[in-house]
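For reference, the structure discussed in these notes is given below.
Only the coordinates and a few stated rules stand behind these numbers; no lab work does. The structure displayed is predicted, hence computed values, not measured ones. Cβ placement follows ideal geometry from the backbone for every residue including glycine, while neighbour counts extend to all protein chains displayed.
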Amino acid sequence: MNSPERGIIKFIDRDSRRIEFDYGGFQLNYPLNAIPESLYNALATLVDGSEEPMQIYGQMVRNSVYKPAVISNEQIKPFGVNAATKIVRLTLTDDEIEKRINEIEGVMLTFQGRPFEDTMSQRIELYKELLIDDNKIDRMRLGVAEMFGLRTYNNLLHDPRCSLAFSWYDSDSGQSLGFQINCLVEIVHQGDPFYRYMRVMRSLFSRRFLDLEHEEYICAYKMFISEVIDKSLASSTGFSH
């Protein structure tokens, strides 16, 4: 778990939409792209609704949109890849996170010592408030808090390339939507404002902490989007989902 990083992101140019990383001494360049609009909207409106707070929470946890499989390049096993389901969130820009992280953590502290159900409306409002302004959201990346620090973590230490496999049912369009999103990952360690932000976003709707075998999450991932492949299921005449 303490292996040195072999693949390191060196440069991100948002204007020309490219990202450069060092892989074992080789400089590799990849395109930088935005989150697909349908995925962005689904994540941003994850807890929208007019139902009671616990009903909204129940609908959210049954929604698969924020729980993609993360496919990383396996370093030592014979089959070449590792798949693990992770909880993915939209992220504020780095400037906005740095400006607001103390305030955000302060709101989370107000939930401590109170029954989970009693704080649900406030948890929902915090999620909505954080994502209400499109201009303050980084459209080029997603965020993940790493809980266990095992195979995905060790794979990404060596090779920051990974794929996210999203699949969910969109009730508005009546379609089963899906994307393969190929990413380059920057590992962010404890204490960094982005890590603190992802810790809040990961624990916001957690009734309890899982048995992490550690006192804290290992790290957080900035998942910069390089390639988007649409894998949605289109309806055919005579058939329905």
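Each helix, a run of at least 4 DSSP H residues, gives -39500 (n - 2.57); summed and divided by the residues of the chain, these come to -8000 deg cm²/dmol at 222 nm. Centre-to-centre, using Cα atoms only, the stretch 74-132 and the stretch 149-196 are separated by 14 Å.
The ranking of H189, H158 from fewest to most other beta carbons within 10 Å of each one's beta carbon is H189, H158. Restricting attention to the chain, the count of lysine pairs at 8 or more positions apart or across chains with alpha carbons under 19 Å apart stands at 11.
Here the simple spin-label model places points 7 Å from the Cα toward Cβ, and for T85 and L150 these points are separated by 1.5 nm. Computed from the C-beta positions of E227 and R207, the FRET efficiency with R₀ = 41 Å rounds to 0.70.
Remark: D22, D159 ranked as D22, D159, counting other beta-carbon atoms within 10 Å and listing the fewest first. Computed over the stretch 7-230, the P(r) tail beyond 23 angstrom holds 48 percent of alpha carbon pairs. Note: the stretch 1-119, Cα convex hull, 205 Å³ per residue.
Would you mind ranking L109, L184, L233 so that the residue whose beta carbon has the fewest other beta carbons within 10 Å leads the list?
Fewest-to-most Cβ neighbours within 10 Å comes out as L109, L233, L184.
Summing +1 for each Lys or Arg and -1 for each Asp or Glu among the other residues whose beta-carbon sits under 12 angstrom from that of C183 gives +1.
Charged neighbours of L32, selected by a Cβ distance under 14 Å, balance to +2 (K, R count +1; D, E count -1). Classified by the C-alpha gyration tensor, the stretch 81-141 has an oblate form. Its axis ratio a/c, with a ≥ b ≥ c, is 1.5 or above, and a/b does not exceed b/c.
Close amide H pairs (under 5 Å, H built 1.01 Å from N) link I137 with T93, residues at least 5 positions away or on another chain.
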